[in-house]
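Read the figures in this text as sums done on the coordinates, not as results from a lab. Please read these numbers as outputs of a predicted model, since none were measured by experiment. No Cβ is skipped: glycine too gets one built from the backbone with ideal geometry, and neighbour counts run over all protein chains shown.
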């Protein structure tokens with residue numbers, strides 16, 4: 001079994017907890033150290049419970065609290081070589097740097113963790129699939145488009161956390177952001193729109209997918225109703241109307257979600273035929 005909660009998700013900071021009986025991982029540390037501690041403790045997890053901090057990429061909204069948190073709490077930080085190189089001077093005293101592959105599988109804290117590259121304007125951003133014998137969870141935060149590799153990695157999952165950053169019309173009409181910023185967001189190395197996330201799920205979702213949690217929603221250029229409505233409609237058309245869809249927010253943690261592979265359907269009952277007994281003379 002796997003459980004996960006999104007502590008916060010958005011341009012103001014991103015962090016999530018994933019746990020199994022053998023360990024607890026903090027995925028990204030984009031909230032302040034005090035917020036990380038407070039939100040973790042609200043979900044029943046103390047900093048000393050962490051087995052490690054797993055980083056998707058180096059941007060501030062995913063690493064903002066890392067240095068201060070690691071100065072106070074000795075926790076291993078897991079990152080690929082290029083992300084570690086960018087952060088090593090800014091994060092002075094982590095418990096230990098652990099270099100992990102970008103495009104491979106390793107085991108840590110009771111999980112089998114598969115990493116893969118995603119297209120985003122960071123040095124070497126990654127997505128993850130965390131597996132247990134009876135559960136699989138995908139983590140897709142910050143990508144401008146879904147490559148063939150991404151689509152292959154998120155098929156046949158039990159649960160998926162994926163960004164749905166903006167509504168295309170709302171972004172086009174936004175007056176707060178300059179044109180260059182809007183172009184960067186909508187680029188192939190920016191963020192996923194609601195429609196792009198829906199298209200990704202249309203191509204990859206199966207009846208096994210029991211939950212989708214949407215994250216990194218823009219405060220100005222998206223809304224939970226727009227994001228969930230677009231994704232639910234796509235899942236319904238793809239034959240997955242039972243998949244539960246919800247949104248993570250910037251301001252408070254989600255509940256704990258349980259990830260588990262549904263049991264196989266029972267075998268069909270044998271067909272019995274009533275035979276009429278006939279006496280032969």
## Note on the structure
In this structure, the FRET efficiency calculated for residue 121 and residue 260 from their beta-carbon separation, with R0 = 41 Å, to the nearest 0.05, is 0.70
### Message
I need to check one value: relative contact order of the chain, counting alpha carbon pairs closer than 8 Å and at least 6 residues apart, in percent.
### Response
18
### Query
So how much slack lies between residue 219 and residue 112, counting 0.36 nm per residue of separation and subtracting their Cα-Cα distance, in nm?
35.1 nm
### Task
With the Cα gyration tensor of the stretch 1-103 in hand, give its eigenvalues times 5 under a square root as the equivalent ellipsoid semi-axes, listed largest first in whole angstrom.
19, 15, 13
#### Entry: Pairwise FRET efficiency - residue 208 versus residue 71, Cβ, R0 = 41 Å, nearest 0.05
0.45
## Note on the structure
Going from the fewest other Cβ atoms within 10 Å to the most, one would list 150, 123, 118 as 123, 150, 118
### Task
Quickly work out the residue 188-to-residue 156 label distance, labels modelled 7 Å from Cα along the C-beta direction, and quote it in nm with one decimal.
2.9
### Query
Counting DSSP beta bridges with both partners in the chain, what percentage is antiparallel, nearest 5?
55
## Note on the structure
Summing -39500 (n - 2.57) over every DSSP H run of at least 4 residues in the chain and dividing by its residue count gives a helix-only mean residue ellipticity at 222 nm, to the nearest 500 deg cm²/dmol, of -7000 deg cm²/dmol
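From the Cα gyration tensor of the stretch 180-243, with a ≥ b ≥ c the square roots of its eigenvalues, which class applies: rounded if a/c is under 1.5, or else prolate if a/b is larger than b/c, or else oblate?
It comes out prolate by the Cα gyration axes.
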### Query
Taking all pairs of different Cα atoms in the stretch 86-142, averaging 1/r and flipping that mean, what Kirkwood radius in angstroms comes out?
12.9
### Message
How much length would be gained if the chain were fully extended between residue 92 and residue 195, taking 0.36 nm per residue of separation minus their Cα-Cα distance, in nm to one decimal?
### Response
33.1 nm
### Task
Provide 64, 208, 132 in ascending order of the number of other Cβ atoms located within 10 Å of each residue's Cβ, fewest first.
208, 132, 64
### Reported label for calculated Cα Rg over 2.2 N^0.38 Å given (i) 1.14; (ii) 1.04; (iii) 1.25
(i)
### Task
With a point put 7 Å past each Cα toward its Cβ, work out how far residue 173 is from residue 43 in nm, to one decimal.
3.4
### Stretch gain in nm, segment residue 181-residue 81, where the contour uses 0.36 nm per residue and the Cα spacing is subtracted
33.2 nm
### Summary
By the Cα gyration tensor axes a ≥ b ≥ c (a/c under 1.5 gives rounded; else a/b larger than b/c gives prolate, otherwise oblate), the shape of the stretch 24-83 is prolate
#### Entry: q = 0.18 Å⁻¹, the stretch 7-49: log10 I(q)/I(0) [Debye, one scatterer per Cα]
-0.46
## Note on the structure
The simple spin-label model distance between residue 249 and residue 233, using points 7 Å out along Cα→Cβ, in nm, is 2.5
